[in-house]
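See below for the structure under consideration.
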Amino acid sequence: MASESTFDVVSKVDKQEISNALNQAQKEISQRYDFRGVGAEADFSGEKILMKANSEERVKAVLDVFQSKLVKRGISLKSLDSGEPYASGKEYRIEASIKEGIAQDQAKKINKLIKDEGPKGVKSQIQGDELRVSSKSRDDLQDVISLLKGADLDVDLQFINFR
């Protein structure tokens, strides 16, 4: 077996699942008694998700509802980048965005982790917002996957194109 086996490390999120989670959160917010009359809502505003309520505690509760819906739909909270509550007129707001792709500094960190702790003979290279990992041994690639799953990284990773 002379050919090399490879796989790609990516960080992607299903946009439809995000939309479904937001719709479920909106439905729960409209039906819950503790959100009545406080102007609580969660909406897409362009690329960001905007949550509003009349107090800081209520807007944090709206964020909590949205996060619970994301978890139920199998989306890691590592891909949600939510800001701190801030006052806007008479209401409080939280802006959240969805992180996709592996940032350059994170990719370098993952690359270094593979080189330092991974099996010998495993090569990794950064390709845009993903990493390609290659080795002659498929077992070494499996070891790299388990190493990355066990690592404490700030990115939700998926492993695709295993050949």
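The values are calculated or read from the model by the stated rules, or taken from the named source; none is laboratory data. This is a predicted model, so every value here is computed, not measured. All Cβ positions, glycine included, derive from the backbone under ideal geometry; neighbour counts span all protein chains shown. The protein model used for the area step is the full one, side chains on, heavy atoms only, and it has no ligands, DNA or RNA in it. Shrake-Rupley method; radii C 1.70, N 1.55, O 1.52, S 1.80 Å.
Things to note:
- Length-normalised contact order of segment 60-150 in % [C-alpha pairs under 8 Å, at least 6 apart]: 17 percent
- Accessible area of the chain belonging to carbon and sulfur atoms, whole % at 1.4 Å probe: 46 percent
- For segment 1-86, convex hull of alpha carbons as volume per residue, Å³: 115 Å³
- Computing FRET efficiency as 1/(1 + (r/R0)^6) for residue 113 and residue 31, where r is the C-beta to C-beta distance and R0 is 45 Å, gives about 0.50.
- Length-normalised contact order for the chain - Cα pairs under 8 Å, 6+ apart - percent: 33 percent
- Value of [θ]222 nm, deg cm²/dmol, for the chain, DSSP H segments ≥ 4, -39500 (n - 2.57) each, nearest 500: -12500 deg cm²/dmol
- The calculated P(r) of segment 81-151, using every Cα pair and 10 Å bins from 0, goes 17, 37, 19, 13, 10, 3, 0 in percent.
- All Cα-Cα distances of segment 116-163, cut into 5 Å bins from zero to the largest, leave 5, 18, 32, 30, 13, 2 percent in each bin in turn.
- Placing pseudo-labels 7 Å out from each Cα toward the beta carbon at residue 55 and residue 20 gives an inter-label distance of 3.5 nm.
- Ligands, DNA and RNA are left out, and with a 1.4 angstrom probe the accessible area of the chain is 57 Å² per residue.
- Residue 153-residue 126 pseudo-label distance in nm [points 7 Å out on the Cα-to-Cβ vector]: 1.3 nm
- Quick note on segment 8-163: its Rg to Rh ratio, both from C-alpha atoms and Rh being the Kirkwood radius, is 1.11.
- Candidates 24, 142, 67, ranked by Gaussian network fluctuation over the chain, Cα under 10 Å, top entry: 142
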